[in-house]
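Below: one structure, written as structure tokens.
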């Protein structure tokens, strides 16, 4: 299937071809099917690089592009008997018109056709370290070309990673991608709202509430609005479970008085959303929960203000760390006599006890999307520092400069485990607030704010 006009994918292929070099060939496979058990597979999901260039979601497919801009698709042949069991196949005959490629072949012809396409080329590009066994297959095709050198054939002498080029292309989202990501975020926002209201409703009715009940509401809303998959395994963490960063929805009870942290987003037409909200299971924050929540939210607002063209990728994180460090001192979670001023807390990374992850990652076709976090024009500017917690020597390079069209998450949090030096009112409070930010000409657009974020809005929503 394709989700946009074939011209969109043709433009991307042409842009890639222009960067390959005149005597070059790029080979991009889609993802393999993965067995779940002895008689069924996991739901199939295409390779993101392949889909970005084709809009084609069938398995067992390969794309080949040369430096002249010619594209060839290898796909499953038509097979009416297999289609009865496994579903419709586009087939090589229909692929050029449907996908806008120049030629199409059966995937069974791959080993015979690839040496012909590689012959007399200088460079072969393919994704490094992403497809098991791909390097071996490339070696085999090159050996077939070398077998013909006595007949005047020239074998490619260079191999390069096509991900390096595609990562830069995918980092800037075009208008079609932005629109799809907005729609994915709207669906996910509605799912979060549904889970919040379900939690409060079930508790008010005296029902037993489990984390999996809320996960079910998320999945229902995703599929109801056309999402093909969850973008990742949903985190639904009640009470102390919210202090486990990669917790997965399980059977734990959701109790009145607990906080619930939900980190969940759908995938729509190949693009991910990624939203986290933390809310009181019964709809009312306790004083300590409210104080910590408002601190996390204030730090996110600081990160939003720091997200704009020309800023660095690291700037939102540093804004968050500054606000959280001061707030931890103000709440007494860090002792000023022991840790000093906010500058001391930041320098010594004393905040790391409660905030141990970064604030942002790229978002797009993959949840942790591709793209360098280092500014390409400043790779040579290297400095080192010693980490105050581990003692390791850290190599620093200038952080990426944000540009219009980039999409990143803004997700500060605080995770407070029981300890002798922590006031009991704060024990087992885990809070994260996450939104999806599109860098715009004048700042950023929060695509995921259809789900409430302030204390007053959340409590009002859960009363309804």
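The values are calculated or read from the model by the stated rules, or taken from the named source; none is laboratory data. From a predicted model like this one, the values you see are computed outputs, not experimental measurements. Note that each Cβ is placed from the backbone with ideal geometry, even for glycine, and that neighbours are counted across all protein chains shown.
Of note:
- Residue 347 being farther than 30 Å from residue 271 by Cα and touching a residue at least 40 places away in the same chain (Cβ under 8 Å): yes
- Inter-residue pairs, beta-carbon under 6 Å, first closer than 18 Å to residue 298 by Cβ and in the range 447-464, second surrounded by fewer than 16 Cβ atoms within 10 Å (Cβ to Cβ) and at pLDDT 95 or above, 6+ apart: 455/290
- Within the range 343-363, the set of residues being closer than 30 Å to residue 175 by Cβ and either surrounded by fewer than 17 Cβ atoms within 10 Å (Cβ to Cβ) or in contact with a helix residue (DSSP H, G or I) (Cβ under 6 Å, 6 or more places away or on another chain) (or both) comprises 358, 359, 360.
- Only one of the listed residues (24, 104, 18, 95) is touching a residue at least 40 places away in the same chain (Cβ under 8 Å) and surrounded by 14 or more Cβ atoms within 10 Å (Cβ to Cβ). That residue is 24.
- Residue list for the range 27-51, restricted to those being in a strand (DSSP E or B) and either within 21 Å of the chain's Cα centre (by Cα) or buried (at least 20 other Cβ atoms within 10 Å of the Cβ) (or both): 27, 28, 29
- Out of 206, 140, sole residue that is in a helix (DSSP H, G or I), modelled with pLDDT of 95 or more and surrounded by fewer than 19 Cβ atoms within 10 Å (Cβ to Cβ): 140
- Scanning the range 401-445 for residues being part of a loop (DSSP other than H, G, I, E, B), in contact with a strand residue (DSSP E or B) (Cβ under 8 Å, 6 or more places away or on another chain) and farther than 22 Å from residue 271 by Cα gives a total of 4.
- Leading residue by the ranking (nearest to residue 107 (Cα to Cα)) among those in the range 63-95 that are in a strand (DSSP E or B) and in contact with a strand residue (DSSP E or B) (Cβ under 6 Å, 6 or more places away or on another chain): 74
- Helices (runs of 4 or more DSSP H) contained in the range 298-362 and holding at least 1 residues modelled with pLDDT under 95 and on the phi > 0 side of the Ramachandran plot: none
- Which listed residue is outside any helix (DSSP H, G or I) and more than 22 Å from residue 72 (Cα to Cα), from 189, 153, 129, 184: 129
- Failed item, numbered, when residue 176 is tested on (1) under 28 Å from the mean Cα position of the chain (by Cα); (2) buried (at least 17 other Cβ atoms within 10 Å of the Cβ); (3) closer than 30 Å to residue 226 by Cβ: (2)
- Among the residues of the range 394-420, those that are modelled with pLDDT of 95 or more and farther than 30 Å from residue 273 by Cα comprise 418, 419, 420.
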